[in-house]
Amino acid sequence: MKIAVLPGDGIGVEIVAEAVKVMQVLDLHFELEHALVGGAAYEAHGHPLPESTLKLAKDADAVLFGAVGDWKYDTLDRPLRPEQAILGLRKNLGLFANFRPAICYEELVGASSLKPALIAGLDILIIRELTGDIYFGQPRGRRIAVDGHFPGSEEAFDTMRYSRPEIERIAHVAFQAAQKRSKRVTSVDKANVLETFQFWKDVVTEVSQQYPDVALDHMYVDNAAMQLVKAPKKFDVVVTGNMFGDILSDEAAMLTGSIGMLPSASLNAQQQGLYEPSHGSAPDIAGKGIANPLATILSVAMMLRYSLHQPLAANRIESAVKQVLASGLRTTDIYADGNTRVSTRQMGDAVVAALTKTTITKG
Ligand code: IPM
Ligand code: MG
């Protein structure tokens, strides 16, 4: 099992190191190959997604990704900014289906800014289309530096578009995921204003006819944003476009107490996948040893389940994380009175210890 390890920028480096430690105690013979990506790759090679990094990712069975970005790159030409690395990986590997589960761990009910009753037992799955929409339309008015300066411009625009096959394939993914869960899908759109999303709604409705066992409802994105904080447990599988999915998945992540807890999987048609925490590079806390590595560690569990067909190892990681939380260890983002505050590394060590213990009991 060949895994491309791309830590990236900011806290990406620290959290991926902990996830790698966890992989190394699984006895699964991973072949891990590290490469630079994002700002780190720009510094070393002048490009956020060097050919060698892209090739490594393409040839791997799965990619473990940290995070990219730093405000210090905000003035670079857009094609050179760190974010282009993750967008380029998604596009080049055809990773169109992004799974962002929002699960509230019992132990963290108190860490959410919502009332415990609203989020206790929360388990929703946001399925975000990842290679279309306004993210990959035609941009205009790009800031291209001329002699190191950005000439003024009077307008800029991006185009939102989806093709039928793009909507169909993500709809199939959502309905099939729902068949394994509570058989309900909410499709989020803005059909009341945007043609792209009227089309989205029509195509999702058509595909739903092939899944008579799954109930489909439609919701406008503004209402969905409201319902997510009003009554989040009413949702089960949510399917939406690239930009709405970006926004709603951050919102859903925070329902669970901390975005530092949420993993994600981005899959292509061959089940090859890129696995990354749902959060970003957080340059403000980078290098301080306080970032929560659990989202990345849980992303490894998703990798084992979806790309590497090792469901038992995935379960082991998830129960190790639960055990560690139950023992009261918390990084700063999920810390509450009465807990034991730990660093990024201590959290990783604790998960490793919990895993080694399970092996011994089993063995
Ligand atoms: C995410 C991030 C990315 C996105 C950025 C870093 C390009 O916010 O994965 O949600 O907008 O998709
Ligand atoms: Mg985002």
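How many residues are assigned to a helix (DSSP H, G or I) and crowded, with 24+ Cβ neighbours inside 10 Å if we restrict to region 23-39?
1
Conditions (1) acidic (Asp, Glu); (2) at pLDDT below 95; (3) within 16 Å of ligand 1 (Cβ to nearest atom); (4) touching a helix residue (DSSP H, G or I) at 6+ places or on another chain (Cβ under 6 Å), marked per residue:
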residue: His218; (1), (2), (3), (4): no, no, no, yes
residue: Ile247; (1), (2), (3), (4): no, no, yes, no
residue: Gly260; (1), (2), (3), (4): no, yes, yes, yes
residue: Ala265; (1), (2), (3), (4): no, no, yes, yes
residue: Pro283; (1), (2), (3), (4): no, no, yes, no
residue: Ile290; (1), (2), (3), (4): no, no, no, yes
residue: Ala295; (1), (2), (3), (4): no, no, yes, yes
residue: Asn315; (1), (2), (3), (4): no, no, no, no
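Yes/no matrix, rows are residues, columns are (1) under 28 Å from Val300 (Cα atoms); (2) at pLDDT 95 or above; (3) away from ligand 2 (no atom under 16 Å from the Cβ):
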| position | (1), (2), (3) |
| --- | --- |
| Asp74 | no, no, yes |
| Pro82 | yes, yes, no |
| Asn98 | yes, yes, no |
| Cys104 | yes, no, yes |
| Leu108 | yes, no, yes |
| Ile124 | yes, yes, yes |
| Ile127 | yes, yes, no |
(1) over 22 Å from the mean Cα position of the chain (by Cα); (2) surrounded by fewer than 20 Cβ atoms within 10 Å (Cβ to Cβ); (3) farther than 30 Å from Val321 by Cβ all hold for Asn92 apart from (1)
Okay, strands (runs of 3 or more DSSP E) sitting entirely in region 222-292 with 3 or more residues that are within 16 Å of ligand 2 (Cβ to nearest atom), I get 263-267, 273-277
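Given the options Phe175, Phe157, Phe235, Phe197, name the one that is within 22 Å of Ser278 (Cβ to Cβ) and touching a strand residue (DSSP E or B) at 6+ places or on another chain (Cβ under 9 Å).
Result: Phe235 is the single residue among Phe175, Phe157, Phe235, Phe197 that is within 22 Å of Ser278 (Cβ to Cβ) and touching a strand residue (DSSP E or B) at 6+ places or on another chain (Cβ under 9 Å).
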Among residues of region 305-341 being part of a helix (DSSP H, G or I) and without any contact (Cβ under 8 Å) to a residue 24 or more places away in the chain, the residue nearest to Leu267 (Cα to Cα) is Arg305
Those residues of region 106-132 which are in a helix (DSSP H, G or I), of a type outside the set (Gly, Ala, Ser) and without any contact (Cβ under 8 Å) to a residue 12 or more places away in the chain amount to Pro116
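Looking at Gly338, is it touching a Gly at 6+ places or on another chain (Cβ under 9 Å) and farther than 30 Å from Lys72 by Cα?
Yes; evaluated as a whole, the condition is true for this residue.
Yes or no, residue by residue, for (1) within 16 Å of ligand 2 (Cβ to nearest atom); (2) free of Cβ contacts under 8 Å to residues at least 40 places away in the same chain; (3) over 30 Å from Gln346 (Cβ atoms); (4) assigned to a strand (DSSP E or B):
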site: Pro48; (1), (2), (3), (4): no, no, yes, no
site: Ser52; (1), (2), (3), (4): no, yes, yes, no
site: Lys58; (1), (2), (3), (4): no, yes, yes, no
site: Arg90; (1), (2), (3), (4): yes, no, yes, no
site: Leu95; (1), (2), (3), (4): yes, no, yes, no
Exactly one of Gly121, Gly137 is surrounded by fewer than 23 Cβ atoms within 10 Å (Cβ to Cβ) and on the phi > 0 side of the Ramachandran plot, and that residue is Gly121
Result of the Cβ filter at 7 Å on region 236-250, keeping first residues that are aromatic (Phe, Trp, Tyr) and partners that are away from ligand 1 (no atom under 12 Å from the Cβ), at least 6 apart or interchain, is Phe244/Val188; Phe244/Val221
Exercise. Can you spot a residue in region 73-87 that is buried (at least 24 other Cβ atoms within 10 Å of the Cβ) and either more than 19 Å from the chain's Cα centre (by Cα) or more than 28 Å from Leu28 (Cβ to Cβ) (or both)?
Worked result: yes
Expected single match for away from ligand 2 (no atom under 16 Å from the Cβ) and crowded, with 18+ Cβ neighbours inside 10 Å among Val188, Val214 is Val214
Within region 225-284, the count of residues that are of a type in the set (D, E, K, R) and touching a Gly at 6+ places or on another chain (Cβ under 9 Å) comes to 3
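The values are calculated or read from the model by the stated rules, or taken from the named source; none is laboratory data. The shown structure was predicted, so the numbers you read here are calculated from the model rather than taken from an experiment. Glycine gets a Cβ as well: all are built from the backbone with ideal geometry, and neighbour counts include every protein chain shown.
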